[in-house]
Amino acid sequence: MNFDEYIDRRNTHCVKYSQAKTAQRPQDALVMTLADMDLPCCKAITQAIVERAAHPFYGYQQFDEVLPKRVCAWAKEHSGAILDPQTIQIAPSVNTAIALCVRALTQPGDGILIQNPSYSPFRKVAELNQRRCVINELIQKDDHYELDLADFEAKLSEVRMFILCSPHNPTSRVFSPQELDAMLSLCRRYHIAVIADEIHADWVYGTMTAASALDQNVITLLSPSKTFNLQGMQCSFMFIPDADQAQAVQRERDALAYMNNQTFSHAAALAAYSEEGAAWLDQAKAYVQENARVFCAMLKTAGVPLKPMRLESTFLLWVDCSGCCKTDAEVVDLFENRCHIYGSTGSHYQSGKPFIRLNIAAPRSVIVTAAERLIRALSQSC
């Protein structure tokens, strides 16, 4: 794939570029917000969708038995996950899956444990369903975050469910097997339901251990959406080993009259979890990793007071701006007003410090331009 080619996504109903238009952002805006890659999809996926579209019937679609087995085999190979294809349930997105689990397995007023900085939809789902967010703060240590296990255990007495984001968004942290085992062991001791959101599991630059490899009772959420840039296909997977929990979640799905009618997502997912998909993923990860290296090297060489966190996973760079900004407003002024770079500021993730999350799954020219703008703006102000 030629990831260097810039493909204009404006006027294609793409959410992040439609938002940019609605907000009347400047023509030279670099949109690095949503976790939606500006890298073209694997050709095998495109071909599978085209071939399915050639069949002139788009009625009720049913997932076959091949896809769950393929997803489980893929997850075992990439993260050691131990999943049973018989326990799969389909949801349109991981966020929807989390909402279904929250509604099915907890009651209004129950506490939901979340680790800050945290992906904002976790809090939104909990709060809109009348649950309480209980926060376990991750501790920033230089260029990465560490687990506060003592605080984690202390908070378990207040909650019924733990939403484990692994790998972690927005910090990109990949928890070690020892950290995961410690958290999961405590959850077993306190009888806490664990939802393991592993949507970014395929975007790890080293090795990762899946939660299910350590505790086969956790509910595992996966999707080809982040791995292969298929968010518009609306297809995610819940693996729910416990029969009572599975039945409760199924009741919630039935109450919403949700049916698995994804005609094109089935074809796309089958093509994604393949040798061609694996080859595309390896190439995309190498490209994004180099994007991160180039961006960080340019900032470091210029001596500007921005500190990207170590990129352990995802295509999302978490940047500490406290060296030049004291508040979110100052981050917005620097990135948006002065540099026309649009990311997601720390307040979206309840960060106690001024941060910004930048999507770096984009052509190299975008990354270089962003770094050049920041260097120029900060050099002028120093």
Quiz item: Among the residues of segment 215-264 satisfying the criterion of being within 21 Å of Val204 (Cα to Cα) and assigned to a helix (DSSP H, G or I), which is nearest to the chain's Cα centre (by Cα)?
Solution: Lys226
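For every residue, the table says whether it meets (1) crowded, with 21+ Cβ neighbours inside 10 Å; (2) within 30 Å of Ser176 (Cβ to Cβ).
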{"site": "Ala35", "(1), (2)": "yes, yes"}
{"site": "Pro40", "(1), (2)": "no, no"}
{"site": "Ala53", "(1), (2)": "no, no"}
{"site": "Gly59", "(1), (2)": "no, no"}
{"site": "Pro85", "(1), (2)": "no, yes"}
{"site": "Val94", "(1), (2)": "yes, yes"}
Quiz item: If you scan segment 123-150, which residues turn out to be in contact (Cβ under 8 Å) with a residue 60 or more places away in the chain and assigned to a helix (DSSP H, G or I)?
Solution: Arg123
Exercise. Could you tell me whether Leu138 is open to solvent by less than 30 Å² (accessible area, probe 1.4 Å), farther than 29 Å from Gln350 by Cβ and not β-branched (Val, Ile, Thr)?
Key: no
Self-check item: Single unsatisfied condition, Trp280 versus (1) in contact with a helix residue (DSSP H, G or I) (Cβ under 6 Å, 6 or more places away or on another chain); (2) in a helix (DSSP H, G or I)
Solution: (1)
Practice problem: For Ala292, state whether it is within 17 Å of Trp203 (Cβ to Cβ) and among the small types (Gly, Ala, Ser). | Solution: yes
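Residues in segment 338-345: is at least one out of contact with any strand residue (DSSP E or B) (no Cβ under 6 Å at 6 or more places or on another chain), outside any helix (DSSP H, G or I) and at pLDDT 95 or above?
Yes.
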Quiz item: Is it true that some residue in segment 181-198 is over 24 Å from Leu105 (Cα atoms) and modelled with pLDDT of 95 or more?
Solution: no
Exercise. For Gln234, work out the one condition from (1) on the phi > 0 side of the Ramachandran plot; (2) out of contact with any Pro (no Cβ under 7 Å at 6 or more places or on another chain) it doesn't fulfil.
Key: (2)
Quiz item: For segment 151-173, how many residues meet the condition of being open to solvent by 20 Å² or more (accessible area, probe 1.4 Å), of a type outside the set (Lys, Arg) and not in a helix (DSSP H, G or I)?
Solution: 2
Quiz prompt | Qualifying positions in segment 201-214 - part of a helix (DSSP H, G or I) and surrounded by 24 or more Cβ atoms within 10 Å (Cβ to Cβ) | solution = Ala211, Ser212
Quiz item: Do the conditions hold for Thr87, that is, is it among the polar types (S, T, N, Q), modelled with pLDDT of 95 or more, touching a strand residue (DSSP E or B) at 6+ places or on another chain (Cβ under 8 Å) and farther than 19 Å from Thr227 by Cα?
Solution: yes
Self-check item: Any chance Ala292 is touching a residue at least 60 places away in the same chain (Cβ under 8 Å), in a helix (DSSP H, G or I) and closer than 30 Å to Thr87 by Cβ
Solution: no
Self-check item: Residue within segment 321-328 that is more than 21 Å from the chain's Cα centre (by Cα) and free of Cβ contacts under 8 Å to residues at least 12 places away in the same chain present
Solution: no
Quiz item: Do we find a residue being out of contact with any His (no Cβ under 7 Å at 6 or more places or on another chain), crowded, with 16+ Cβ neighbours inside 10 Å, among the aliphatic types (A, V, I, L, M) and outside any helix (DSSP H, G or I) anywhere in segment 2-12?
Solution: no
Quiz item: Within the group Asp197, Asp148, Asp143, Asp181, which residue is open to solvent by 60 Å² or more (accessible area, probe 1.4 Å) and under 23 Å from the mean Cα position of the chain (by Cα)?
Solution: Asp181
Practice problem: For residues that are open to solvent by 60 Å² or more (accessible area, probe 1.4 Å) and outside any helix (DSSP H, G or I), scanning just segment 324-335, find the one that is farthest from Arg25 (Cα to Cα). | Solution: Lys326
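Going through segment 20-58 one residue at a time, which ones are in contact (Cβ under 8 Å) with a residue 12 or more places away in the chain and of a type outside the set (A, V, I, L, M, F, W, C)?
Arg25, Pro26, Asp28, Thr33, Asp36, Asp38, Pro40, Lys43, Gln47, Glu51, Arg52, Tyr58
The values are calculated or read from the model by the stated rules, or taken from the named source; none is laboratory data. Keep in mind it's a predicted model, so treat the numbers as computed, not measured. No Cβ is skipped: glycine too gets one built from the backbone with ideal geometry, and neighbour counts run over all protein chains shown. Ligands, DNA and RNA are stripped out before the accessible areas are found, and what is left, the full protein with its side chains, is counted by its heavy atoms. Shrake-Rupley method; radii C 1.70, N 1.55, O 1.52, S 1.80 Å.
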